[in-house]
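Below you'll find the structure I mean.
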Amino acid sequence: MNSENYHLAFESKIKIIINADDLGICKERDEGIFELYINGLISSTSILMNVINSINSIRKAKELNVNLGIHLNLTEGEPLYKKDIETNSLVSFNAEQNKYVMHGKFGLRERISNHSIKEIDVKNEIIEQIQQFFFYYKSYPSHIDGHQHIHVIPFIAKILSDIMVNIIGIYRIRLPLENEELLEKYVSDQKRLAFYKQVTHYLIRFFRLMKIVLIQGKYLIPNIYPIPIIS
């Protein structure tokens with residue numbers, strides 16, 4: 001296939017997917033997401049499985065036959081995997097709330113950098129969130145993405161891709177693409193700016209990881225590609 005024909009073939013297959021994250025986080029957001037879906041303004045949504053409204057949200061999504069994914073959460077709220085919670089590296093005890101909660105967006109990343117997050121804890125929580133989804137939706141999610149972009153952190157991406165491909169059989173993942181020039185222009189908070197830039201750098205490493213996965217004969221299909229990639 002020559003270059004011109006390749007690009008014509010690629011362009012004919014382009015599909016714009018508009019996904020709404022954070023289903024389940026509150027009633028008002030759920031209502032907005034479902035209204036958008038009913039009116040054909042979004043393609044899909046992804047649900048937080050460890051929030052208080054998740055069961056009602058997933059039942060409503062099933063009723064509407066929504067194209068539903070999981071918005072994997074390892075940063076906020078309580079874990080779904082409760083066994084040995086006292087030694088679970090994903091959580092710490094919050095005396096004010098009197099329960100074990102996750103470390104937050106920056107806390108998780110800091111602990112991963114310090115090598116204090118255990119792989120088994122990440123694996124257990126990811127699998128539990130997927131299993132809870134299956135229990136209520138009666139099928140596996142169409143795709144997976146990560147709350148606060150945790151799914152492109154290399155440490156987590158490696159665990160998640162293995163679970164998706166080898167254990168569950170889910171092959172679609174949404175990737176966050178950030179334009180660093182626009183970030184510099186519009187994001188004034190330096191902590192937020194550093195976070196978004198870090199996500200961009202993680203994404204580059206994610207593609208390198210996926211190249212290794214492809215070589216091993218297994219694959220994930222990103223829901224977003226910035227350019228056609230020819231190998």
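The values are calculated or read from the model by the stated rules, or taken from the named source; none is laboratory data. The model shown is predicted, which means the values in this text are computed figures rather than measured ones. Reconstructed Cβ throughout: ideal geometry from the backbone, glycine too, with neighbour counts over all protein chains shown.
Taking A9 and the conditions (1) at pLDDT 95 or above; (2) among the small types (G, A, S); (3) over 16 Å from the mean Cα position of the chain (by Cα), which numbered condition does it fall short on, given that it satisfies the others?
(1)
Then there's this: Collect the residues in region 28-54 that are touching a residue at least 24 places away in the same chain (Cβ under 8 Å), assigned to a loop (DSSP other than H, G, I, E, B), closer than 16 Å to N65 by Cα and of a type in the set (A, V, I, L, M, F, W, C), keeping them in residue-number order.
I42
Output the number of residues of region 147-199 satisfying the condition of being touching a residue at least 24 places away in the same chain (Cβ under 8 Å) and of a type in the set (S, T, N, Q).
4
Would you check if Y136 is in contact (Cβ under 8 Å) with a residue 60 or more places away in the chain, hydroxyl-bearing (S, T, Y) and surrounded by 11 or more Cβ atoms within 10 Å (Cβ to Cβ)?
The answer is yes for Y136.
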